[in-house]
Amino acid sequence: MHPPAVIADSPRRWLRGRWVGFIVVTAAALVLGAQVGRGSGVVIAGVAAAIAVSWAAYRLPQTFVVGALLTGMVPQVLQMTTVLPTEWMTLPGGARLEDLFLVGMAGAAAWCIASRGWRAGTSPWARAAIASAVLFFGWALLEVARNLGTYGISALGEFRFRYLIIALPLFVAVRLSDEGSRRRMATFLWGASVPLVLAAIPVIGALKGWGIGAESRYLPASISLALLYGVAWMLIASRAGVLRVPTFLIALMTILGGVMVFVDSHRSVWLVLLVLVLAFLLLGELQLRRAWAWGLATVSIIGVVAIVAMSGGVDPLAYLSTRGGALVDPLSDPTSAWRIYLWQANLNELAASPFLGSGLGGFWNVYVPELAANVTVSPHSLFVQTAVKLGAVGLALYLWVSVTAARVLIKARSVADRLGASDRVLVVAGIAACAGSLAFHLTYSLEYAGLTWIGLGLAAAMGAEAQR
């Protein structure tokens, strides 16, 4: 028997869901009818495919999360080699395989949010986090619409390339409603980020050649970051009894992961590492009274890095000081200075439309006085990219998404006794990923691992709220 409150409320929820469905189906029918009248079969096929994958994502949420990670994140492990053709996952019409999973998750998340079932028992801050993500998503789509007449389908293509990935954490937050599914997804993400990546290093080295230095990296920054997040989750999950892996394997993967983070020397990932250490100290997950253990791990990592570097004819101290010096004095490093000059030039372009930005679809092309040249690549910063493309409104919405998500996670952390062991770990991982993402996005764009950890943390926090 259902409790009376549930029986009384269920007809209202049923009616709301049916009305939303009626509106969606009617709108879709009108769009399809208009396109049929214009003879546009491609649009009809696209809309039909979007509806189909959205239904599939709603019915098979874990499958779609795994599919998105397998097609969007895992292939990046081999990015530094030439073993995979550039267009190996491109589908007819120019779409990519991971787009099917992301579009499906976007549609399923929209349905969940519109039907309002996810709101039961959630706090105002949780609802604000979801609403702000929807507003950001909607604003980006408006920036597509305003440029369709100028750039055509390229406007939608740039949205797909830069911002469609936001559907992943949004879908995870509203659809993974039970602790078991969240735990399985966290374990899968860890497996794809740590054991798989570490096992791939010998293969990558054999394919591209062995070497040490910024010109001989083994992993792209996004995968190096995924490795760092995965090691962090592994340490707190194993201590909480959520991940049952032998201690010697935990230690081995921690040391090897640390070695790869330092050897590949992505300074953005080093910055995230500093942020994670600070976050774990503030959260009490990293205790100074156990500093000897962390000190031993750090000395082991540095020792292995020094041995590997010297075997490759590289002075480890000079290498690390040169790479790390840019964190203190960016203009002293050519790569960092190039980025700063590019940011300045792009932000100067923002003056033409500060609130709305230039919209999506246009090519990057800006004159950089310090370089005396036109640069035709993205500015390598999510903040600058969003300000230029989506304007001050878009940037403010992105920051509000970050603030509200962090607020939900921090609030859940304060009532950790109401969470299961796996969800407690996910909330901590979500807080760490929120902080780390803000640091990483200074120099890079949105990526899979951090967004998935944030989505899992939000799902855990809202699941606990719904059970109260």
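Details
- Filter pass, LEU219 being in a helix (DSSP H, G or I), under 18 Å from the mean Cα position of the chain (by Cα) and modelled with pLDDT of 90 or more: no
- PRO75 meets all of the listed conditions (1) within 29 Å of ILE410 (Cβ to Cβ); (2) assigned to a helix (DSSP H, G or I); (3) not hydrophobic (A, V, I, L, M, F, W, C) but one, namely (1).
- Looking across ILE201, ILE212, ILE223, one residue alone is surrounded by fewer than 20 Cβ atoms within 10 Å (Cβ to Cβ) and of a type in the set (Val, Ile, Thr). It is ILE201.
- Residue that is modelled with pLDDT under 85 and closer than 20 Å to VAL172 by Cβ, where the choices are TRP111, TRP125, TRP88: TRP125
- Filter pass, THR254 being without any contact (Cβ under 8 Å) to a residue 60 or more places away in the chain, farther than 26 Å from HIS441 by Cα and surrounded by fewer than 21 Cβ atoms within 10 Å (Cβ to Cβ): no
- Checking each residue in segment 417-457 for being hydrophobic (A, V, I, L, M, F, W, C) and farther than 21 Å from LEU278 by Cα picks out LEU419, ALA421, LEU446, LEU456.
- Boolean, LEU60 is within 21 Å of the chain's Cα centre (by Cα), within 21 Å of VAL172 (Cα to Cα) and buried (at least 19 other Cβ atoms within 10 Å of the Cβ): no
The values are calculated or read from the model by the stated rules, or taken from the named source; none is laboratory data. Being a predicted model, the structure only gives us computed values, none of them experimental. Glycine also receives a Cβ, built like all others from the backbone with ideal geometry; neighbour counts cover every protein chain displayed.
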